[in-house]
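For reference, the structure is listed below as structure tokens.
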Amino acid sequence: MVRMSETSSSAAKKTRGSPSPGDGERRLLAPPVQPPSLAIQVIERMMTLLDALAKKSDPVSLKELSQSSGLHPSTAHRILNDLVLARMVDRTEPGSYQLGMRLLELGNLVKARLNVRDAAAGPMRDLHRLTGETVNLSVRQGDEIVYVERTVSERSGMQVVRAIGGRAPLHLTSTGKLFLANEDTRAIRSYAMRTGLAGHTPNSITDLGQLERELAEVRRLGYARDNEELELGVRCIAAGIRDDGQALVAGLSISAPADRANDGWVQALTDTARAISSALGYERNEPA
């Protein structure tokens with residue numbers, strides 16, 4: 001009995017005291033990997049289904065998608081329904097699916113952006129050397145423009161608020177006005193309803209009638225201006241860049257302090273935009 005008590009006491013001391021050699025080894029092991037969150041699991045499953053669809057040129061049945069992805073049919077069906085709503089997948093008939101047009105639209109956007117950046121790099125540097133001012137390349141994404149490239153002037157003296165990847169409303173920027181001027185009246189009014197034409201400065205255009213008159217002037221001139229409408233103290237002029245399908249894919253703009261903005265740059269700007277467009281395969285249709 002005494003021996004058993006001593007053994008129990010010794011075991012208790014070992015538990016409270018120094019760890020055994022095995023304990024030290026266990027403490028060196030990495031902590032267990034935590035399972036991914038639900039959001040990440042859903043994205044992973046979504047990509048698995050898209051990859052499975054990408055391997056087939058014809059519509060694929062739910063049963064086949066479930067087997068190739070390893071997802072339960074009810075799980076695959078639920079995710080596919082969400083992808084159909086997002087237009088990333090089309091339901092060709094009950095129970096059959098194929099990749100959707102939204103993926104083509106996104107792919108074309110990326111293609112255009114990358115091609116434009118490659119084609120514009122050299123001409124942008126030349127225009128920057130000629131004017132000594134900041135030169136921007138922007139594309140449209142929804143109701144905003146996105147700055148995808150910029151050549152910054154060291155002597156500019158102006159605060160560059162929107163760097164590469166920055167966004168700005170269409171109606172407050174020279175490039176944005178180019179894209180709006182490319183739309184019909186219904187689309188312009190729909191944009192005004194969605195955005196409310198919110199302003200950033202006292203010069204911002206916040207009235208639909210004024211915006212429509214401004215866009216008519218853009219069409220007449222072939223280029224657009226931002227008269228301190230996005231940022232006080234900064235003026236911009238922009239010309240459009242078109243691709244081989246005649247589509248307006250980007251805007252090239254010059255930004256400068258308001259007291260240094262110069263309409264004498266317009267010809268160089270439009271010539272540069274035209275050269276970039278030509279590099280993308282654009283051929284101007286001259287009137288007969």
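The values are calculated or read from the model by the stated rules, or taken from the named source; none is laboratory data. As the structure is a computational prediction, the values presented were derived from the model and not from experiment. We place every Cβ from the backbone using ideal geometry, glycine too, and count neighbours over all the protein chains shown. Quick note on the areas: whole protein, heavy atoms, side chains included, nothing else; ligands and nucleic acids left out. Shrake-Rupley method; radii C 1.70, N 1.55, O 1.52, S 1.80 Å.
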Which of (1) surrounded by fewer than 20 Cβ atoms within 10 Å (Cβ to Cβ); (2) at pLDDT 95 or above; (3) not hydroxyl-bearing (S, T, Y) is the odd one out, the single condition C236 does not satisfy?
-> (1)
Out of the residues in the range 204-232 that are closer than 15 Å to I254 by Cα, outside any loop (DSSP other than H, G, I, E, B) and of a type in the set (D, E, K, R), state the one that is least open to solvent (accessible area, probe 1.4 Å).
-> D226
Taking R162 as the residue in question, decide whether it is in contact with a Phe, Trp or Tyr (Cβ under 6 Å, 6 or more places away or on another chain), surrounded by 18 or more Cβ atoms within 10 Å (Cβ to Cβ) and modelled with pLDDT under 90.
-> yes
Please go through the range 111-121 and pick out each residue that is in contact (Cβ under 8 Å) with a residue 12 or more places away in the chain and either among the aliphatic types (A, V, I, L, M) or open to solvent by 80 Å² or more (accessible area, probe 1.4 Å) (or both).
-> A112, V116, R117, A119, A120, A121
Being free of Cβ contacts under 8 Å to residues at least 60 places away in the same chain and among the hydrophobic types (A, V, I, L, M, F, W, C) is the filter; apply it to the range 165-175 and report the residue that is surrounded by the most Cβ atoms within 10 Å (Cβ to Cβ).
-> L172
Going through the range 239-257 in order, the residues found to be aliphatic (A, V, I, L, M) and open to solvent by 20 Å² or more (accessible area, probe 1.4 Å) are A247, L248, V249
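Residue by residue, here is whether (1) among the small types (G, A, S); (2) under 25 Å from L221 (Cα atoms); (3) modelled with pLDDT of 90 or more; (4) open to solvent by 10 Å² or more (accessible area, probe 1.4 Å) holds:
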residue	(1), (2), (3), (4)
L109	no, no, no, yes
G142	yes, yes, yes, yes
K177	no, yes, yes, no
A181	yes, yes, yes, yes
R189	no, yes, yes, yes
Any residue in the range 47-70 that's assigned to a helix (DSSP H, G or I) and open to solvent by less than 70 Å² (accessible area, probe 1.4 Å): show its pairings with residues that are of a type in the set (K, R) and at pLDDT 95 or above at Cβ separation under 9 Å, as long as the two are six or more apart or on different chains.
-> none
Any idea how many residues of the range 258-274 are assigned to a helix (DSSP H, G or I) and surrounded by 17 or more Cβ atoms within 10 Å (Cβ to Cβ)?
-> 6
In the range 80-97, anything outside any strand (DSSP E or B) and touching a Leu at 6+ places or on another chain (Cβ under 6 Å) is listed as M88, G95
